[in-house]
Amino acid sequence: MADEKNVRTTKSTRVFGDYLIMLTAPCVLSVWYNGAAAVRTLLACLLTAFVCDFAAGIIVNKQYYAADLSGICTGLIVALMLPADAPVYVGMVASSFAILAAKIPFGGGMRAPFVPAAAGFAFAAVCFKTEVFTYTAGRSFMKTVSLGSSLMSGNTIRMTASNFIDIITGNICGPMGTTCIIAMLGCAVFMFIRRRQSLLPGAGFIAACLLISLVFPRSNGSVISCAIMELCSGSLLFAAVFMLTNPATMPVHTANRVVYGVFTGIVCMTMRHLGAFEEPICFAVLIANAFSPLLDMLTDRARIILSSKRSKREAQANG
Amino acid sequence: MDKKYSLSSMMYAGAFKYNPVLIQCVALCPVVAATQNLKDAFFIAVAVFADMLVTSFISSLMLKKTARFVRVAVYLILGLILICPVLWVIEFRTLVNMSFTMRVFLPLVAINSATAVHCETFAVKNDVRTAVNDSVAAGVGIGTVMVICGALREIIGSGSILGRSFNFKFTLPGMAMPVGCLVILGFAAAVLQSVTSRKTKVKPERTEVSAQPEEVELDVDGEFEPEQIDIDLTYDNDDEYAYLLSSVNELIDSFTSKENSEEEDNR
């Protein structure tokens, strides 16, 4: 029992340690762009997640392991998806919901069937829609209008070189740690080196989103610029790297991971087209999480049926 | 089946230990959908209580010899006969303003699963007094959960109780949605499980373990025959509170035996 616990803690440390290293880049960039407001939001979410994790461990008679970094990672991911100037209580509510309702009741970060950070952000989006999707911290490009809200209202931008550089460097309005595309690509490269199998859902997800945005553009401008805006807006790439790669929620079989990612992409783009929220990626991730075990179960059953048929055929051939 | 149960033990079992909503997971729909505030929750709880009481009384008194498929239909009709006049009186003869959710879900209370489960598993197999006691216990259990959920959702979700505002700095409207009720129910079920498990915890007897494991001869050539172990999956016979589980098991057994006999007939 103790060995099992140690193995789980070591695995959790390894997985969430990687996430923590990757999260350093967006954290630094968010502080660079937003200053003290970003530090305040990050600290509020981080401390709330830690305190909730620790307190819940005491309540359920479970020893708190400092090496289990899932709570800290959850707090940071939630913080980076919020606007820098969001009220402190929004981050605290989102982090505490993620830990207390989505992580602890299911046995910890490596057992939670839903990505806790996605659950926390979704709850915050439902409770504080205005605070979560209003970006008042102006940037040099597009002032206080995010790419997501621009697409929602059917507007597009002219994709000049300077605009494109502003977009990929994250110098645009949006969630404080998810807009820098270069940082997200760096995190994806790190993930590719460490756990390349985990990137499969993210790859399927981005491919599905790209295809849907090319076929069904949300604005009347150039299809290419619309597709770039779709991919760079909100937390789409951030979710592909930090949420869909969660080993506890993704399917076990390799092919299913791609299907899982594609399914998340379809749900996300459908919600972007038809939904009321500017950034519905967390809801899409939660819905896909619910179907993840089903995919594995169906694959296992199909394999059993196929193997039994094959053995029957071989038996008939042998007489 | 007619057994004598004390009222206190039935209240403890029906309302607390085997709470219909938190442990048996029945009547979740009205609880989740119609307890957005305390007033709605109270009216729905009263309706469920009355429905269970009347239906259990009549089913125990008159429906013992009736076929099951007829009985289930009768439960629904009895519920509608009871609920519809109440609904009409509330809507047209009182000054109570019904919310939209209450308008939708109050008639649906007539067909809630808790009534059918309790009538089918208990009321038709026991005398009238015991059936009424059981329905009172179950009704109190469901009603308590509804009122608690309604109060918590109103306080957290809209920062007020019965229209009186608390002037909170912020509220969590998500808790007034069905997802909020499910979260509250989850935490309530965990607390209830924790309390009941502490109350009924029995320390396991210590057994001496021999230092050397016994040598076992493996019959490699012969066919493997697993040892037959009798596992009682039903309930502890001494536990008088477990009558509900036993009734549900009997119901399942009767269905499965019926299915088996039908399969044999088909063959």
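The set of residues from the range A:246-256 being crowded, with 20+ Cβ neighbours inside 10 Å and within 18 Å of residue A:117 (Cα to Cα) comprises A:246, A:248, A:249, A:250.
Only residues that are touching a Leu at 6+ places or on another chain (Cβ under 9 Å) and either in a helix (DSSP H, G or I) or surrounded by fewer than 18 Cβ atoms within 10 Å (Cβ to Cβ) (or both) were counted in the range B:113-128, giving 11. Applying the set (1) within 30 Å of residue B:196 (Cα to Cα); (2) part of a loop (DSSP other than H, G, I, E, B); (3) touching a helix residue (DSSP H, G or I) at 6+ places or on another chain (Cβ under 7 Å); (4) not β-branched (Val, Ile, Thr) to residue B:52 leaves exactly one unmet item: (2).
Could you grab me the full set of residues in the range A:274-285 that are farther than 14 Å from residue A:234 by Cβ and not in a loop (DSSP other than H, G, I, E, B)? Within the range A:274-285, A:274 is the sole residue that qualifies. Which residues, counting only those in the range A:122-132, are aliphatic (A, V, I, L, M) and either away from every other protein chain (no Cβ under 12 Å) or in contact (Cβ under 8 Å) with a residue 12 or more places away in the chain (or both)? Scanning the range A:122-132 gives A:122, A:124, A:125, A:132. Going residue by residue through the range A:75-83, is there one that turns out to be more than 22 Å from residue A:12 (Cα to Cα) and within 11 Å of another protein chain (Cβ to nearest Cβ)? Looking for residues that are more than 22 Å from residue A:12 (Cα to Cα) and within 11 Å of another protein chain (Cβ to nearest Cβ), one finds none in the range A:75-83, hence no. Out of A:25, A:66, A:55, A:36, one residue alone is on the phi < 0 side of the Ramachandran plot and touching a residue at least 40 places away in the same chain (Cβ under 8 Å). It is A:25. State all residues of the range A:62-74 that are buried (at least 17 other Cβ atoms within 10 Å of the Cβ) and either under 9 Å from residue A:42 (Cα atoms) or within 14 Å of chain B (Cβ to nearest Cβ) (or both); if no residue qualifies, say none. None - no residue of the range A:62-74 is buried (at least 17 other Cβ atoms within 10 Å of the Cβ) and either under 9 Å from residue A:42 (Cα atoms) or within 14 Å of chain B (Cβ to nearest Cβ) (or both), so the list stays empty.
Checking each residue in the range A:227-258 for being more than 22 Å from residue A:177 (Cβ to Cβ), outside any loop (DSSP other than H, G, I, E, B) and touching a helix residue (DSSP H, G or I) at 6+ places or on another chain (Cβ under 6 Å) picks out A:227, A:256, A:257, A:258.
Give the residue, chosen from A:112, A:119, that is within 17 Å of residue A:242 (Cβ to Cβ), within 13 Å of chain B (Cβ to nearest Cβ) and touching a residue at least 40 places away in the same chain (Cβ under 8 Å). The conditions single out A:119. If the requirement is being without any contact (Cβ under 8 Å) to a residue 40 or more places away in the chain, within 23 Å of residue A:116 (Cα to Cα) and of a type outside the set (Gly, Ala, Ser), which of these qualifies: A:259, A:267? That would be A:267, the only listed residue that is without any contact (Cβ under 8 Å) to a residue 40 or more places away in the chain, within 23 Å of residue A:116 (Cα to Cα) and of a type outside the set (Gly, Ala, Ser).
Has the range A:150-160 got any residue that is touching a residue at least 60 places away in the same chain (Cβ under 8 Å) and either surrounded by 24 or more Cβ atoms within 10 Å (Cβ to Cβ) or touching an Asp or Glu at 6+ places or on another chain (Cβ under 8 Å) (or both)?
Yes, the conditions are met somewhere in the range A:150-160.
Against the definition (in contact (Cβ under 8 Å) with a residue 60 or more places away in the chain and within 14 Å of another protein chain (Cβ to nearest Cβ)), how does residue B:135 come out, yes or no? For residue B:135, the condition - in contact (Cβ under 8 Å) with a residue 60 or more places away in the chain and within 14 Å of another protein chain (Cβ to nearest Cβ) - is not met. Scanning the range B:147-174 for residues that are aliphatic (A, V, I, L, M) and part of a loop (DSSP other than H, G, I, E, B) yields B:162, B:172. Once the range B:186-201 is narrowed to residues that are surrounded by 12 or more Cβ atoms within 10 Å (Cβ to Cβ), within 12 Å of chain A (Cβ to nearest Cβ) and not small (Gly, Ala, Ser), the residue that is farthest from residue A:131 (Cα to Cα) is B:193.
Looking across the range B:138-179 at every residue that is touching a Pro at 6+ places or on another chain (Cβ under 9 Å), hydrophobic (A, V, I, L, M, F, W, C) and within 30 Å of residue B:65 (Cβ to Cβ), the one that is farthest from the other protein chains (Cβ to nearest Cβ) is identified as B:138. Residues in the range A:80-139 that are modelled with pLDDT under 90 and among the aromatic types (Phe, Trp, Tyr): A:106, A:133, A:135.
The values are calculated or read from the model by the stated rules, or taken from the named source; none is laboratory data. Since the model is a prediction, treat every value here as computed from it, not as a measurement. Note that we place each Cβ from the backbone using ideal geometry, even for glycine, and neighbour counts take in every protein chain shown.
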